[in-house]
Amino acid sequence: QADIAMYWAKQKGRDNAQFYTPEMANVATRRFVLEKEINQALATDQFTLAFQPRVKGEKTNILGFEALIRWPHPSRGSVSPAEFIPIAEESNLIIKIDEWVIDQALKQQKLWRDQGLLIMPMAVNLSGRHLVSDSLVTYISEKLAFYEIQGNFLEIEITEGVLLQDIQRCIDVMIELKALNIKISIDDFGTGYSSLSYLRRLPLDILKIDQSFVEECGHHSEDAKICETIINLAKSLELEIVAEGVETAQQADALKSMGCDVFQGYYYYKPLQAHDIEALLTNKTPLI
Ligand code: C2E
Ligand code: MG
Ligand code: MG
Ligand code: MG
């Protein structure tokens with residue numbers, strides 16, 4: 001408990017809280033704090049979603065969105081998902097979080113549709129633990145039915161690490177998701193360990209090139225060659241390709257010249273709140 005008190009004291013006045021500190025090296029302490037806080041966050045509606053548009057070719061041509069969780073913590077400032085998701089993944093808490101995200105993402109689409117807005121596909125991130133759990137497909141199909149959203153408006157993003165688990169189980173779940181018309185993408189592609197034969201066996205739709213490769217793709221770099229290789233791989237496997245973390249016109253142009261024109265990144269849009277998306281969808285604000 002003293003550790004926790006010290007941790008809280010340290011966090012005071014900081015903008016971005018960090019869950020994992022040396023004081024929390026003790027796994028039990030870390031889990032204790034996190035589980036309590038995440039359960040509280042779920043119970044008291046602390047989480048929100050941000051939505052980052054995905055565009056084809058240019059800013060005005062929005063294809064869909066990625067839902068990204070946000071945690072404006074009541075006393076500790078904004079806690080990054082890069083911080084708490086990996087820790088939540090150590091326990092079944094991640095399933096509660098992912099379910100909350102799926103529910104909210106579909107609810108938001110229903111709200112937009114009820115407002116008469118054109119709804120678009122929404123991608124949600126899913127942890128590997130969740131993909132292979134027994135409850136996923138039932139949960140998703142019940143939520144789709146409840147909000148009256150068709151499966152083709154939902155996309156599931158998973159990382160390559162997921163595929164290191166029981167591959168046959170992954171394939172079986174993916175086939176069930178495909179039966180609901182849900183799209184499946186591999187997120188952060190190129191940073192994991194998936195073998196090419198896995199890619200061929202899985203019913204995938206999209207590869208998302210990790211932003212670490214996109215960063216240097218505008219220069220004649222090794223990373224540019226990696227981007228080009230991933231794009232060609234996607235083409236030969238007949239997969240769609242999305243570049244994430246596009247921050248400059250130079251990167252976008254380089255990617256276009258390699259044959260990739262679907263982008264997500266700050267150059268086009270940062271993750272936005274729902275009301276900003278509404279303005280975009282209704283064209284109330286110019287698409288600057
Ligand atoms: P990700 O799924 O690869 O999401 C992309 C991350 O890149 C997001 O960070 C996004 O805000 C950020 N990003 C987008 N465009 C740019 C850009 O141009 N430049 C830079 N520097 N960054 C950009 P975020 O929202 O902090 O999320 C980090 C990671 O946390 C996500 O990576 C994803 O793995 C995980 N995550 C976020 N939301 C969820 C969720 O609802 N469930 C699960 N399981 N994981 C989530
Ligand atoms: Mg993602
Ligand atoms: Mg990614
Ligand atoms: Mg990432």
Residues that are within 16 Å of ligand 3 (Cβ to nearest atom) and either over 19 Å from Trp112 (Cα atoms) or crowded, with 20+ Cβ neighbours inside 10 Å (or both), drawn from region 254-286: Leu255, Cys260, Val262, Phe263, Gln264, Gly265, Tyr266, Tyr267, Tyr268, Tyr269, Lys270
Condition broken by Leu106, with the remaining ones in (1) within 16 Å of ligand 4 (Cβ to nearest atom); (2) farther than 30 Å from Thr248 by Cα satisfied: (1)
Region 203-230: number of residues that are surrounded by fewer than 19 Cβ atoms within 10 Å (Cβ to Cβ), more than 16 Å from Ala243 (Cβ to Cβ) and of a type in the set (A, V, I, L, M): 0
Region 208-265: number of residues that are assigned to a loop (DSSP other than H, G, I, E, B), within 16 Å of ligand 4 (Cβ to nearest atom) and charged (D, E, K, R): 3
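Let's see how each residue does on (1) part of a strand (DSSP E or B); (2) aromatic (Phe, Trp, Tyr); (3) within 16 Å of ligand 1 (Cβ to nearest atom):
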site	(1), (2), (3)
Glu142	no, no, no
Ala145	no, no, no
Ile149	no, no, no
Leu163	no, no, yes
Gln168	no, no, no
Ile171	no, no, no
Asn181	no, no, no
Asp188	yes, no, yes
Tyr193	no, yes, no
Single condition Leu118 does not satisfy, out of (1) closer than 20 Å to Phe65 by Cα; (2) at pLDDT 90 or above: (2)
Single residue of region 148-158 satisfying the filter (without any contact (Cβ under 8 Å) to a residue 60 or more places away in the chain and either surrounded by 20 or more Cβ atoms within 10 Å (Cβ to Cβ) or over 19 Å from the mean Cα position of the chain (by Cα) (or both)) that is farthest from ligand 4 (Cβ to nearest atom): Glu148
Residues (touching a Phe, Trp or Tyr at 6+ places or on another chain (Cβ under 9 Å) and either closer than 26 Å to Asn152 by Cβ or within 16 Å of ligand 1 (Cβ to nearest atom) (or both)) located in region 215-232: Asp223, Cys227, Ile230
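The values are calculated or read from the model by the stated rules, or taken from the named source; none is laboratory data. What you are looking at is a predicted structure, and each value in this text was computed from that prediction instead of being measured. For neighbour counting, all protein chains shown are included, and Cβ atoms are generated from backbone atoms with ideal geometry for every residue, glycine included.
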